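A short write-up of the structure that comes next.
Laboratory data are not the source of any read-out in this text; all were calculated from the coordinates shown. Just so it is clear, the model here is predicted, and its values are computed rather than measured. Don't worry about glycine lacking a Cβ; one is built from the backbone with ideal geometry, like all the others, and counts go over all protein chains shown.
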Amino acid sequence: QKEVEQNSGPLSVPEGAIASLNCTYSDRVSQSFFWYRQYSGKSPELIMSIYSNGDKEDGRFTAQLNKASQYVSLLIRDSQPSDSATYLCAVNMRQAGTALIFGKGTTLSVSS
Amino acid sequence: ETGVTQTPRHLVMGMTNKKSLKCEQHLGHNAMYWYKQSAKKPLELMFVYNFKEQTENNSVPSRFSPECPNSSHLFLHLHTLQPEDSALYLCASSQEVLQAEAFFGQGTRLTVV
């Protein structure tokens, strides 16, 4: 069964705090992992990709991957109100054939 | 020109109508996708095209008919839809079908009345 699980939230953090978003996936042999941000009424926008175990940093964003635990996370440092959106975890699952499988998304609200 | 362009942005159609959604990508990608996004549900993969050839049909009802005349264009033909088909339909493209980031168009908001 091909599944990507996320806590739907909402996750509420104050401005300047660290927001931590989590995702688990079912396909042990998955190789590619992505985080998308989707503002209300807009299409998903790619913000991070990660392919190997460990951390990958890009500005205020850090993606963390643990393939043994089938777990990927996204940390947002110094959260801003403009970060308020739904964050979608996507996994390229071999079980799914060729395309990305998405979680339901976690809604993040950053209060000023 | 933006990377992935979808038209129309909004569409209202009756259950007996026939309409088509259009997607065009200017990124030189080889793979294109249709996704459906309904409220409170994850993005659902509908179709995958790789080098114009359909490689995946994710058990989509036949009232949805895709067409990919070339690697840059993708259509979704709609006929005799149901109200539960109302959703945001998103087109995406990627360089290849495996281990590649997908880039999305702005979507078509479809309402079936």
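Under the Cβ-under-4.7 Å rule, which cysteines of the protein assembly as shown stay unpaired?
B:Cys68
If eta is 1.306 mPa s and T is 10 °C, what Stokes-Einstein diffusion coefficient results for chain A, Kirkwood Rh from Cα pairs, in µm²/s? The partial results should precede the final answer.
Working: Rh = 14.0 Å.
In µm²/s, the coefficient is 114.
Using θ = phi - 60° and the Karplus curve 6.51 cos²θ - 1.76 cosθ + 1.60, what whole-Hz ³J(HN,Hα) does each residue of the stretch A:34-40 get, with Gly and Pro shown as x?
9, 10, 10, 10, 10, 7, 4
With +1 on each Lys and Arg Cβ and -1 on each Asp and Glu Cβ, and nothing else charged, work out how big the dipole of the protein assembly as shown is about its Cα centre, in Debye to the nearest 20.
500 debye
Principal axis lengths of chain B from Cα atoms, whole Å, largest first?
36, 30, 29
Over the alpha-carbon set of the protein assembly as shown, work out the extent along each principal axis and list the three values in angstrom, largest first.
51, 37, 36
If you count, for every residue in A:35-43, the Cβ atoms of partner chains within 10 Å of its Cβ, what is the mean?
Values: counts 0, 4, 0, 4, 0, 0, 4, 4, 13.
If you average over the peptide's residues, the count of other-chain Cβ atoms is 3.
Take the Cα radius of gyration of the stretch B:46-92 and divide it by 2.2 N^0.38 Å, with N its residue count; two decimals is plenty.
The value comes to 1.17.
Treating the beta-carbon of each Lys and Arg as +1 and of each Asp and Glu as -1, no other charges, what is the dipole magnitude of chain A about its Cα centre, to the nearest 20 debye? Spell out each step's value before the answer.
Working: 10 positive and 10 negative charges, 63 e Å.
The calculation lands at about 300 debye.
Let's test the formula: R0 of 22 Å, r as the Cβ-Cβ distance of B:Val113 and A:Ser40. What FRET efficiency results, to the nearest 0.05?
So, using R0 = 22 Å, E works out to roughly 0.40.
So what are the ³J(HN,Hα) numbers for the stretch B:7-15, from phi and the Karplus equation (6.51, -1.76, 1.60; θ = phi - 60°), rounded to whole Hz, Gly and Pro as x?
Couplings: 9, x, 7, 9, 8, 10, 9, x, 5 Hz.
Taking just the C-alpha trace of the stretch A:52-112, give me its Rg and Dmax in Å.
Just the Cα atoms of the stretch A:52-112 yield Rg and Dmax of 13.5, 43 Å.
What lysines could a cross-link reach from B:Lys22, if we take a straight Cα to Cα line under 26 Å and drop same-chain neighbours fewer than 8 places away?
Answer for B:Lys22, where 26 Å is the Cα cut-off: A:Lys42, A:Lys104, B:Lys36, B:Lys40, B:Lys41, B:Lys52, listed by chain and number.
Counting only GluC sites (Glu not before Pro) that are in a DSSP loop and have at most 15 other C-beta atoms within 10 Å, tell me the longest site-free stretch of chain A.
Here the longest segment lacking exposed loop sites spans A:16-112.
Using only the alpha carbon atoms of the stretch A:1-49, find the Kirkwood hydrodynamic radius as the inverse mean reciprocal pair distance, in angstroms to one decimal. Kindly include the intermediate steps, with their values, before the conclusion.
On the way: mean 1/r = 0.0762 Å⁻¹.
Answer for the stretch A:1-49: a Kirkwood hydrodynamic radius of 13.1 Å.
Mind listing the long-range amide H neighbours of A:Asn7? Cut-off is under 5 Å, sequence gap 5 or more, other chains count too, H placed in the peptide plane at 1.01 Å from N.
Hits under the 5 Å cutoff: A:Asn22.
Per-residue Cβ counts within 10 Å, from other chains only, averaged over B:38-50: what number is that?
4
For B:Glu56, what residues show an amide H to amide H distance below 5 Å, using hydrogens built from the backbone and excluding near sequence neighbours?
Under 5 Å from the amide H of B:Glu56: B:Val48.
How long are the semi-axes of the ellipsoid equivalent to the stretch B:1-51, from square roots of 5 times the Cα gyration tensor eigenvalues, in whole Å, largest first? It would help to have the intermediate numbers written out before the result.
Working: eigenvalues 96, 50, 27 Å².
The equivalent ellipsoid of the stretch B:1-51 has semi-axes of 22, 16, 12 Å.
For the stretch B:84-91, take each phi angle, set θ = phi - 60°, evaluate the Karplus expression 6.51 cos²θ - 1.76 cosθ + 1.60, and give the result in whole Hz per residue in order, putting x for glycine and proline.
6, 7, 4, 5, 9, 9, 10, 9
Near the amide H of A:Ala17, under 5 Å away, which other amide H atoms are found, from residues 5 or more places off or on another chain, if H is placed in the peptide plane?
A:Ser79
Suppose R0 equals 41 Å; then what is the FRET efficiency for B:Ser65 and B:Leu27 from their Cβ-Cβ distance, rounded to the nearest 0.05?
Once rounded, the FRET efficiency stands at 0.95.
Let me know the charge dipole size of the stretch A:42-91 about its Cα centre in debye, to the nearest 20, where only the beta-carbon of Lys, Arg (+1) and Asp, Glu (-1) is charged.
Working: 5 positive and 6 negative charges, 26 e Å.
For the stretch A:42-91, the charge dipole is close to 120 debye.
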